[in-house]
Every structure is written in structure tokens, then in C-alpha cells.
Amino acid sequence: MHEARFWTREGERIRCHLCPQSCSISPMRRGMCGVREHRDGKLYSMNYGRVAAMNVDPIEKKPLFHFYPGEDVFSLGSIGCNLRCAHCQNFTISQASLGELVLREMPPEAVSETALANRCRGIAFTYNEPTIWHEFTYDAMKIAREKGMFNVYVTNGFIQEEPLRELSKYLDAMNIDVKGFTQGFYDRVCKASLAPVLRTVELAHELKIHIELTYLVIPGENDGKEEIRKFSEWVARLDPRVPVHFSRFHPDYGMSDRPPTPISTMEMTRDMGKEAGLQFVYLGNVRIPRGEDTVCPNCNASLVERSGFTIIRMEARDGHCPICGQDLYMVQRRGEVEQSESRRGRRP
């Protein structure tokens, strides 16, 4: 139990200001996330340092294609979520309650120690929603930054402005899941609001956090041409260089009766994104020729070839096209090409 930040008292209740749910919490009750509890007139983070899952992942799995490509990242998550997505693919931990699972206790300094022991240069908070783990991720990221490591959030973007600004001191990259582009979809499927997610994307970009966006394409829910077009145009207005990952849906949790996204729909999303002016559009969870390759938007040179989470060929140099010099909105270490070449075949 660790005292939480971002809350105020309202009579006998506490108002949480961490995410846009803005829960009003009675004594000895928890917010919608299930991990922030009102006790003795204070709000506590009940999952501080409590880990449900951890692994060493390729950064491409987050997915982040333009942020230290070819690196491994130490990934970890806790339990709970501030959304109720009917199609959640990590529902066994995101919808779990405290006491349902055996959780590993981990102090914040152990996160960096474990990452370094596994030869990872960065840490990703993922699997469940990292926003609701705010106090722990903040403490762990601060230590990681002191050790020269990078920090990543894989998030639904449902966070208030002040906590995001606090995180931005140590948060280097975010993959933000924009789950649809209508409020009706968020009402019906996620039990949340779209506008705060879009504001998070805009603010993260303004704060110079590297961002990439994922849009899971669900048949009959958020896959209409007009919705895809409007989403793509919105991203292009923000910054046409921001990578967008259109991901194929597969049946899960409360949507196990739905079919996988048709290949033709996935190809349509790529076409809509390109027509809107997006420079980097990727197709995930599906094998489509060049669907996950990085192509220079200026000279059309093929710069990064990927197969699943493995980089087959890497030609980008210091975030630019080596042929024409085009900015690829890509963060790389010097010597990245040599490092990526040496890692061929390591990943299944």
C-alpha cells in the first residue's frame, strides 16, 4: 500500500484525478480501476510494486517501429484497468481484482536491475494499463533514467493532463491505443470517452514524447471507410510522420463471436492512411507483403524489412534515409545498423 497522488477530498469522499473517469470514492472503496482505494481519508495505490507479468520483448512487439528498432526491452505490468473494453486481449490481468492472482513484489529499483541483467537498454510498462500504476512507474522510470535507460508506456491514453506532464520528465515513448474514432464506439465498447485520448496524443506530441498509434480494426464496429479516413486525417494534421499501426482483430473476451478482420479491410486501412497523407502506415497481426516494412516517404526506398518482430534488413541511419536524407521520425542509437545486423535470427 502506497499513498497515491492526484486526488482531493470532497466531504467524506475522495475524488481521483489520475484519469478522466474522475472517480468519486467512498471510504474503503476503490475506483473503477480496482487498485486505488480510499482509506482513512487518503487515497492509496494498492498495486504499487506488485507485478502480474514480465518478460523480455522486442521493442517491435509494443509495437514501436521507429523507436530504437532492434532493441530488446524489459516489459512488465500489474493488474487492473480504467477501461472496460469488450475485446480486451489481456483481460486475465486487466480485469482481475486484487487477491485473484499471485503477484510478485518488486521495488522500483529492481526494475532497472532486472532490465540490465537481461541486457535491455529500456523498460516498457505494458500488458495492463500503466496509467493506473502511476506512482510505481514514475519512481521506477526516474531510477531508469539515472541509469541511462529509456522508458516506454503502452497505453490506452486515458490519463489526465497533470499526471501526463509529470510522467513526461522521464517518459521517452508511448504507443497509444486509439480504439476507435467515434464517441459511440467508446461508449458502447470501452465505457469511456474518446476526447481525452485524443488530447493525450496531442499533449504527448507537444511534450516531445515519441508517439506511435495503434488502431485495432474490429469488423462492424470501427472499420468503416469514413471513420478510418477521419482518424487518418486527424493524425496527419497532428504530424504526418507519426507511425500508425492498423492491427487485425481476432476474437477474444466479450467479442469471441466476431470474425477476424478481413484482409481486404486491412488493405483498405492502409490505403485510407496513405490517401490522408500519413507517411508510415503498418498492418499488424496479419501477413501482408511489405505490411510492416518502413519505406522512405520521399524516395520510396525500402529501408527496414521486418518479419513479425524480427528485423531482416535495416538501412536507416540515425533516423534518416541514407539515400535522400529524409527524416523518418525514428530514434536510433549510433551504430544501430551494425547492432541490428548482428541480431538477425535471434527471435522466433
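Laboratory data are not the source of any read-out in this text; all were calculated from the coordinates shown. As the structure is a prediction and not an experimental result, all values here were calculated from the model. In this analysis, Cβ positions are derived from the backbone assuming ideal geometry, glycine residues included, and neighbour counts consider all displayed protein chains.
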- Mind listing the long-range amide H neighbours of S247? Cut-off is under 5 Å, sequence gap 5 or more, other chains count too, H placed in the peptide plane at 1.01 Å from N. Y215, L216, V217, G284
- Query: Using Cα pairs under 8 angstrom and six or more residues apart, how large is the relative contact order of the chain, in percent?
  - Reply: 13
- State whether segment 2-45 is rounded, prolate or oblate according to the following rule on the C-alpha gyration tensor (a ≥ b ≥ c being the square roots of its eigenvalues): a/c under 1.5 gives rounded; otherwise a/b larger than b/c gives prolate, and the remaining case gives oblate. rounded
- Mind scanning K230/K274; K179/K225; K191/K274 and naming the pairs with a C-alpha gap bigger than 19 Å? K191/K274
- Item | Calculated FRET efficiency for the pair L207/D327, C-beta based, R₀ 22 Å, to 0.05 | 0.70
- Task: Give the angle, between 0 and 90 degrees and rounded to the nearest 10, that separates the Cα long axis of helix 225-238 from the longest principal axis of the Cα atoms of the chain.
- Result: 90
- 0 to 90° range, to nearest 10: angle between helix 263-276 axis and the chain longest Cα axis: 80
- Extension reserve of the R290-M1 stretch, reckoned as 0.36 nm per residue once the Cα distance is removed: 99.3 nm
- Message: Using Cα-Cα distances under 8 Å and only pairs 6 or more residues apart, what relative contact order does segment 2-45 have, in percent?
- Response: 36
- Item | Relative contact order (percent, whole number), segment 239-312, Cα cutoff 8 Å, 6+ residue spacing | 28
- Net charge dipole size for the chain [Lys, Arg +1 and Asp, Glu -1 on Cβ; Debye, nearest 20]: 260
- Note on the structure: Looks like segment 262-310, by Cα gyration tensor root eigenvalues a ≥ b ≥ c and the a/c under 1.5 rounded cutoff (else prolate when a/b is bigger than b/c, oblate otherwise), is oblate
- Message: Looking at the chain only, what percent of DSSP beta bridges run antiparallel? Nearest 5 please.
- Response: 55
- Would you be so kind as to identify which of V73, L103, I93 lies farthest towards the positive end of the dipole of segment 43-111, taking Lys and Arg as +1 and Asp and Glu as -1 on Cβ and the Cα centre as origin? I93
- What whole number of Å gives the distance from the Cα centroid of segment 45-74 to the Cα centroid of segment 246-308? 22
- Query: In debye, nearest 20: dipole of segment 153-307 around its Cα centre with unit charges on the Cβ of K, R (+) and D, E (-)?
  - Reply: 120
- Among the Cα-Cα pairs of the chain, the proportion with separation greater than 28 Å, in percent, is 42
